[in-house]
Amino acid sequence: MNFSSRRPASPRTRALGVATIFACIAVVYLSGNDPLTKEQVEESLKHFGDYVATDAAKSGKEGHFTYGAIDIRGFLFNHYAAVKELRLEIKKQSILESVSWAIATPLMTVNRDPLSSRRLYYTFAEPLTIRKNGESAATITFSEPMQYGQLLANPNNTPSLIQNIKLPGSITITPTSAGATGDVLITYDANPTLKITSAQDTAERHAHYELHNIAVTSEKEKPLTAAGFKSELDETPGANGIIDGHYTLVIDDLKTDVTAQPCSAATDITYTGDQPLLKLAGFVAGSAQTTVAIKKLTLDCGEFGLSGEGNLARSPEDPLPSGQMMIKITEVNKLLASQLLNDQTRAILTQVLVKVTGQPIDSLVNVDLPLKREKNGTFYIGDVTFEEIATSIVSNMFIPAPDATQSEPSPEASPDEEEENDDANDKGAALDQDLDARMSAESANDEDILQDILPHPKRVLEEDE
């Protein structure tokens, strides 16, 4: 057939063709999708609330998700639900403290994916408020609305909840607690990956987070940047339903300011039993034995570094982890001089290293710190117990600094000054003896004694003269 001899379509024909295409798209767009209902939104919110409670329980916490009224608004292509007064609260109870965090927003809208009736999008255009133990802590605002997607899928005949988060271009955190000042701005490359897939009938879960060119700036602190952040978490039910987990984290070119030496960090951990990362931090006994293999724990800052590996265990009979772990530090004094440590951390680490190695801090270059603890036993760093280290740290913290105003003679004191100091010391000794004598007198009145022996400072000066 010779297409070159065909006449071009008329404007009317082209317009009819375009209209037909749009009509077909509209049919596909709307077919099989009834208008969004309040019941569908409530079911979706219930699935999310169940996920929050279950996920929090895995790490020894309580999770609660509540919401207020649901209004169905709009029509056709702009059909959506408005959910008011949402609140997500996480509570953690431990031996040391009880802490609750709550995040809330006055309004969230819910839209359904036009191509899938089982996928919903939650949009947060209003600021989020953060409260700690009931007190205002911070407000989070977005450069554009944040979107959370939820899909109820059935891969491999396994009902699953697939969650995706679409972050805005930037996030601003404004502290609101008493005395707190200075906004914190977080930026990153567009379209970061935040995805969680969790099976509803089993404990299987997969999570993947990936962001690039992250920058955290504030009015009070030095800027923090990282070229990349990638985290993976996989949990699958093993024998007798016990969880087998694998967690990895990689952070590339982390800097505390624009001139600092960049650092890279990596973590590779496997575990069997309850999720260990938050459990160990909270000192909450799990429901079963948990074993953790730390395959890699590294911090490489070029001039200095840290690394660790070992095996730990938890059980309901012992609130603290047991096992062995080796921490290696390269170029100790370069680490201590770095901006990575604040003054308090630097002082504590210095005392620990001196106590454990028995060497002056300036003589240390590369140090191995073996950590070990038997079940229900004593915690050791090297051959030194944790109690000994803690006592040493506390003792050094509370040793008072020399008082520059004391009347102790200096090496350069003149003979006249030394004589005056000796006279003062003699008078002090005499006052002490007089005080002991008077306090031992049974007939003396306590108030009269204090007024007589400890006279007004002005009178003391007159007597010295």
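Since every read-out is calculated from the coordinates, none of them should be taken as a lab result. Keep in mind that what you see is a predicted model, and the values were worked out from it rather than measured. As a convention, Cβ positions derive from the backbone with ideal geometry for all residues, glycine included, and neighbour counts pool all protein chains shown.
Sequentially through the range 354-368, phi angles give Karplus couplings (6.51, -1.76, 1.60; θ = phi - 60°) of 5, 5, 6, 8, x, 10, x, 4, 5, 8, 7, 10, 10, 10, 9 Hz, Gly and Pro residues having no value and appearing as x.
Straight distance only, please: which lysines reach the Cα of Lys92 with their own Cα at less than 18 Å, same-chain residues fewer than 8 apart left out? Counting by Cα, and skipping residues close in sequence, Lys92 has these lysines nearby: Lys58, Lys61, Lys132, Lys279. From least to most packed, judged by other beta carbons within 10 angstrom and beginning with the fewest, Met326, Met146 follow the order Met326, Met146.
Between Leu96 and Lys296, the simple label model (points 7 Å from Cα in the Cβ direction) yields a spacing of 2.9 nm. The trypsin sites (Lys or Arg not before Pro) found in the range 201-241 that occupy coil by DSSP, while having at most 10 further C-beta atoms within 10 Å, are Lys220.
Glu42 to Thr176: extension gain in nm, 0.36 nm per residue of separation minus the Cα-Cα distance?
Details: separation 134, 0.36 × 134 = 48.24 nm, distance 3.22 nm.
The span from Glu42 to Thr176 would gain 45.0 nm if fully extended.
The reciprocal of the average 1/r between distinct C-alpha atoms defines the Kirkwood hydrodynamic radius, which for the range 55-167 equals 16.1 Å. Between Arg73 and Ser363, the C-beta separation translates, for a Förster distance of 51 Å, into a calculated FRET efficiency of about 0.10.
Note that the range 178-191 has calculated 3J(HN,Hα) couplings of 4, x, 7, 9, x, 6, 10, 10, 10, 10, 6, 5, 5, 6 Hz, one per residue in order, obtained from phi through the Karplus relation 6.51 cos²θ - 1.76 cosθ + 1.60 (θ = phi - 60°); glycine and proline are x.
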